[in-house]
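Here is the structure we will look at.
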Amino acid sequence: MKQFLFLIATLTIGSFSSLYAQKSVPSVEVKTLDGQTVDIQKITNSGKLVVISFWATWCKPCQLELDAFAEFYEEWQEKYNVEIVAITIDTQRALPKVPPIIETKGWNFTFLSDANQQLKNALNFQSIPQTFLVDAKGNVVYEHSGYVPGDEYELEKKIKAVAGKE
């Protein structure tokens, strides 16, 4: 009986510790829009806070989210040393549509492509927009799925807390 209770206690503690384990950004290669290969860890381990936003040209909520981020981006850079990295999951065939949208919208983020969805699969999410806040050490400290107006304020609260500016 003691062995059974010990086993249950061990499994329970192990389960709780895995619930609270931080997820770090995996080493996965993505591409710049001009076709250069980049390991996403090189960006997320730069000593800055990084907001990663997964989007696609066909996703209207994604574009609304990036529009909202664009309104705050300059301020967030100055106050919190944040970089926004927008990663399209558009297929290779749809990638030519990406630069015209970026230009029309006037977005000034870093843009990357995950056309093969390797990073999306490694981060294990299903729908977009999907946003991650990554601390200066490359750990995912917040994630959010979907977009409704006002979500950017919640993200800013998280950025502020992680930056120690509360």
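Residues that are touching a residue at least 24 places away in the same chain (Cβ under 8 Å) and assigned to a loop (DSSP other than H, G, I, E, B) were ranked within the range 24-43; the one that is nearest to Asp135 (Cα to Cα) is Val25. Comparison of Lys120, Lys158, Lys137 shows that the only residue that is within 14 Å of Ile84 (Cβ to Cβ) and of a type in the set (Lys, Arg) is Lys158.
Flag: Glu143 does not match the condition of being open to solvent by less than 30 Å² (accessible area, probe 1.4 Å) and of a type in the set (D, E, K, R). Of all the criteria given as (1) modelled with pLDDT under 95; (2) in contact with a helix residue (DSSP H, G or I) (Cβ under 8 Å, 6 or more places away or on another chain), the one not satisfied by Thr57 is (1).
Please work out which residue is farthest from Trp55 (Cα to Cα), limiting yourself to the range 66-111 and to residues that are open to solvent by 30 Å² or more (accessible area, probe 1.4 Å) and among the aliphatic types (A, V, I, L, M). So the residue we want is Ala70. Somewhere in the range 44-60, is a residue open to solvent by less than 30 Å² (accessible area, probe 1.4 Å), part of a helix (DSSP H, G or I) and of a type outside the set (S, T, N, Q)? No - not one qualifying residue is present in the range 44-60. Is it true that some residue in the range 103-111 is within 22 Å of Gly47 (Cα to Cα), of a type outside the set (A, V, I, L, M) and touching a Leu at 6+ places or on another chain (Cβ under 6 Å)? Yes: the range 103-111 contains one or more residues that are within 22 Å of Gly47 (Cα to Cα), of a type outside the set (A, V, I, L, M) and touching a Leu at 6+ places or on another chain (Cβ under 6 Å). Here Leu123 meets the list (1) under 12 Å from the mean Cα position of the chain (by Cα); (2) open to solvent by 20 Å² or more (accessible area, probe 1.4 Å) almost entirely, failing just condition (2).
Selection of first residues in the range 61-74 that are among the aromatic types (Phe, Trp, Tyr) and of second residues that are open to solvent by 40 Å² or more (accessible area, probe 1.4 Å), restricted to Cβ pairs under 8 Å at least 6 apart or on distinct chains, gives the following pairs, ordered by first then second residue: Tyr73/Asn108.
Whether a residue is modelled with pLDDT of 95 or more and of a type in the set (S, T, N, Q) was assessed, and Gln126 does not pass this test.
Apart from one condition, Val140 fits all of (1) touching a strand residue (DSSP E or B) at 6+ places or on another chain (Cβ under 9 Å); (2) without any contact (Cβ under 8 Å) to a residue 40 or more places away in the chain; (3) more than 14 Å from Ala56 (Cα to Cα); the exception is (2).
The values are calculated or read from the model by the stated rules, or taken from the named source; none is laboratory data. The model shown is predicted, which means the values in this text are computed figures rather than measured ones. Positions of Cβ are generated from backbone atoms using ideal geometry, with glycine treated the same way; all protein chains shown enter the neighbour counts. Only protein heavy atoms, including side chains, enter the accessible area calculation; ligands, DNA and RNA are left aside. Shrake-Rupley method; radii C 1.70, N 1.55, O 1.52, S 1.80 Å.
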